[in-house]
Amino acid sequence: MGPTVASNRSVIEVEGIAQLIALLQRRGYQVAGPTLRDGAIACEIINKLEDLPAGWTDEQAPGHYRVKKRNDGALFGYSVGPQSWKKFLHPPELQLVELRRDGASLKILHNHSVFPHFAFLGVRPCELAAIAVQDRVFQGGRFTDPHYDGRRGQVFIVAVQCTQAGPSCFCASMGTGPRAREGFDVALTEIIDSDHHLFVAEAGTKAGAEVLKELHAVPATPVLCQQAEESIRHASVQTRQMDTAGIRDLLYENFDHPEWDNVATRCLSCANCTMVCPTCFCTTMEDVSEVTGEHAGRWRRWDSCFTQSFSYIHGGSVRTSSKSRFRQWMTHKLASWIDQFGTSGCVGCGRCITWCPVGIEITEEVHAIRGGGVNAAPISKGDNIHELA
Amino acid sequence: MPPTLEQPGISHAASDPMRPEPYFVASVSRETHDTFTLSVEPANGVPAAGFAPGQFSMLYVFGVGELPISISGDPEQAGRLTYTVRSVGPATQALVSRVTGDWLGVRGPFGAAWPLEAVRGKDVLIIAGGIGLAPLRPAIYHILRHRDDYVRLIVLYGARSPGDLLYKKELAAWGRSPDTQVLTTVDYGGVNWRGRVGVVTTLFRHLRMHPDKTVAFICGPEIMMRYVITELEENRGVLANDIYLSMERNMKCAVGFCGHCQYGPYFICKDGPVFCYQKLRGLLGKHEL
């Protein structure tokens, strides 16, 4: 990184994050950020600096998640929590249509003339990639989802570069992290050493640059920029990897692989993986009506391909076995997603691994379908399937 | 007197594919013991949405639910959309229980159509099982209206029993049209049934076909479509590129957002429901795909 890079970086102190939150609020944004809740680091609407999980980190492993104290005051000293920003852009439940019957007249109303303005604080590079994936799903095709579109178009994103990787993380092999280069208005790199606790900030958009200017952020020294880049590089060393070489055909050609039977002996079809996944987009529709019969609503709710009802047609469900449902999820995520949206559906955040109650690891399942046992073939350098489009 | 309907003017309305439009039920007629044909007209006086044969709509019953239903009417009859619905569960039961003047929410039409333009100059072989004749009827109407654009029209239709045959009068009338052959069969005949008995593939023995000049449109249960395709490809020499079929899966949104209708790499709702068999080779018949 040369001086030209350094010249557009600036520095803000911890107090600057408080000012950033206040500034975004003054601009009319609801600021969403990480906060400690129910023993996890959640994404919630926050009000002030003190809401951030200062001094907390997370301990993750397959089927395992705990928050624990750090020995510093890092604001973003964790990997990723169970929730993602998906809950704001693609809400878990949303009324799409409201209908009223008044005698002989009928009104079809709907629910999206006003959308919330969100500012996201603390978006990880893998999560930026996940937002880009959902952009393709809801905005990139023949139809645009007005609900997603209305939220997405107004969002202000403050990304935070990763300086530590958890044991579930495999963004480096998916080409989505640990450094974000686009998709944010502002990106921060948190630096904590014996002398400092500060943030190197870079603007990704004009709006981001304006915000940094208004915060009176001072230019970052080349030394500090160097330090920031080195700490991000540190996070690119990840023990977990996914070998994505030829993965689309690999999964299409292994519909009958015995590993699907093997994984089905462990998979509980609980749908946790799909709920925590930042790209899973499937929904179902729910119709509600008041007892008077005058008022009805159509609600969209997150759904999961792990439920039996998901594939129900007259005569019965198509995917009755948990084997077929796991295979559908993983084949969709890693293979058919590429055909459908020009990108993998996996960004390497590792949530499905951490939050699987029995610790199924998607990376290991790919490895098994490649035919490798544990510690078999070395993992090749994957195609960057996030740049296929 | 039909109820009045109001549509508040909301700017996003036109661009929201999830918002149903209000339609009136203009007529309901019984086809069989469990199957009804409903025609609907837009409530706000504007012409009904046009459609291409093979497309479907999402039909919404107030407070009950929404269903994907193929359009079974004449594509050139403006101002009206027609659906043939078999009552198999609570939502379809609610749908067929509508009476003239009731209203329905309608979204669509959606999906890929039968390739009627591309197959001009060919013999069109239409093979349907049960309610599968409904999405093919608009194609038959089109061919009969544009008779010179196609050579022979052959309709092979199978149903469970004589009482399950749809559009009986029309089937007879189509059979009297020039260069048109209509053959029906049932799985179980009754004592009064004097027609053919057997699965739909047994009708092939009555056909003389020109495989290189024939295109087949198929809709019916998946197992039936697989046997028909085997007959066409292996015994009759029809190429996969000349075989089209209409697929069914669970559908909630019809626009590729809900994920339910995925079939391998495809969304049935927007890549189908009509597919060229060439695209589905290797997928059709895969258990629990």
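The values are calculated or read from the model by the stated rules, or taken from the named source; none is laboratory data. None of these values were measured; they are calculated from a predicted model. Cβ coordinates were reconstructed from backbone atoms using ideal geometry, including for glycine residues, and neighbour counts include every protein chain displayed. For the accessible areas, the whole protein counts, side chains as well, though only heavy atoms, and no ligand, DNA or RNA atoms are used. Shrake-Rupley method; radii C 1.70, N 1.55, O 1.52, S 1.80 Å.
Miscellaneous remarks
- Out-of-range pairs (alpha-carbon distance over 27 Å; input A:K87/A:K107; B:K169/B:K286; A:K107/B:K252; A:K48/A:K206): A:K87/A:K107; B:K169/B:K286
- Sequence of A:H196, A:H314, B:H33 when ordered by accessible area, the most exposed leading, probe 1.4 angstrom: B:H33, A:H314, A:H196
- For segment B:172-256, diffusion coefficient by Stokes-Einstein and Kirkwood Rh (Cα), 37 °C, 0.692 mPa s, µm²/s: 218 µm²/s
- In this structure B:L284 has an accessible area near 30 Å², from a 1.4 Å probe over the protein heavy atoms.
- Take segment B:13-109 with all the other protein chains still there, run a 1.4 Å probe, and you get 34 Å² of accessible area per residue.
- Within the same chain, aspartates and glutamates fewer than 8 places from B:K213 are excluded, and of the rest, those with a Cα less than 20 Å from its Cα are B:E117, B:D123, B:D148, B:D149, B:D179, B:E231, B:E233, B:E234, B:D242.
- GNM flexibility winner over chain B from B:I223, B:I154, B:I131 (Cα, springs under 10 Å): B:I223
- For the segment B:259-268, counting C-beta atoms of other chains within 10 Å of every residue's C-beta and taking the mean gives 6.
- With Rh defined as the Kirkwood radius, the inverse of the mean 1/r over Cα pairs, the Rg/Rh of segment A:133-196 is 1.10.
- Anisotropy class of segment A:225-317 from Cα gyration tensor, a/c 1.5 cut: oblate
- Taking only the alpha carbons of segment A:75-172, we obtain Rg and Dmax values of 17.6, 63 Å in that order.
- Buried between A and B is an accessible area of approximately 4400 Å², summed over both sides with a 1.4 Å probe.
- Percent of beta bridges antiparallel (DSSP, segment B:123-280, rounded to nearest 5): 15 percent
- Evaluating kT/(6 pi eta Rh) at 25 °C and 0.890 mPa s, with the Kirkwood radius of segment A:18-88 over Cα pairs in the Stokes-Einstein relation, gives 192 µm² s⁻¹.
- 4 °C / 1.567 mPa s Stokes-Einstein diffusion coefficient of chain A, Kirkwood radius on C-alpha pairs, µm²/s: 58 µm²/s
- DSSP-defined beta bridges in chain A - what % are antiparallel, rounded to 5: 85 percent
- Share, in percent, of DSSP beta bridges within the protein assembly as shown that are antiparallel, nearest 5: 70 percent
- Accessible area per residue for segment B:123-280 is 40 Å², calculated with a 1.4 Å probe on protein heavy atoms, without ligands, DNA or RNA.
- Area projected by the alpha carbon convex hull of chain B, averaged over all directions, nm²: 16.0 nm²
- Ordered by 1.4 Å accessible area with all protein chains kept, A:K69, B:K279 run largest first as A:K69, B:K279.
- The protein assembly as shown: radius of gyration and largest Cα-Cα distance (Dmax), Å: 28.7, 97
- Heavy atoms of A:D339 accessible to a 1.4 Å probe, total area in Å² rounded to 10: 70 Å²
- Convex hull (Cα only) mean projected area of segment B:13-109, reported in nm² to one decimal: 5.9 nm²
- Protection proxy ranking of B:115-126, B:189-200, A:172-183, B:48-59 - average other beta-carbon atoms within 10 Å, highest first: B:48-59, A:172-183, B:115-126, B:189-200
- Per-residue mean of foreign Cβ neighbours for B:15-22 is 6 (Cβ atoms of other chains, 10 Å radius).
- Helix-only arithmetic for the protein assembly as shown: the sum of -39500 (n - 2.57) across DSSP H runs with n ≥ 4, divided by the residue total, places the mean residue ellipticity at 222 nm at -6000 deg cm²/dmol.
- Of the accessible area of the protein assembly as shown, computed with a 1.4 Å probe over protein heavy atoms only, carbon and sulfur atoms account for 51 percent.
- Working note: Cα atoms of segment A:147-281, range along each principal axis, descending, whole Å: 59, 40, 28.
- Heavy-atom accessible surface of segment A:199-353, averaged per residue, reaches 40 Å², computed with a 1.4 Å probe.
- Residues B:R30, B:R86, B:R147, A:R325, sorted by accessible area with the largest first, give B:R30, B:R86, B:R147, A:R325 [1.4 Å probe; ligands and nucleic acids excluded].
- Over segment B:123-280, the Kirkwood radius and the radius of gyration, each from Cα atoms, give a ratio Rg/Rh of 0.98.
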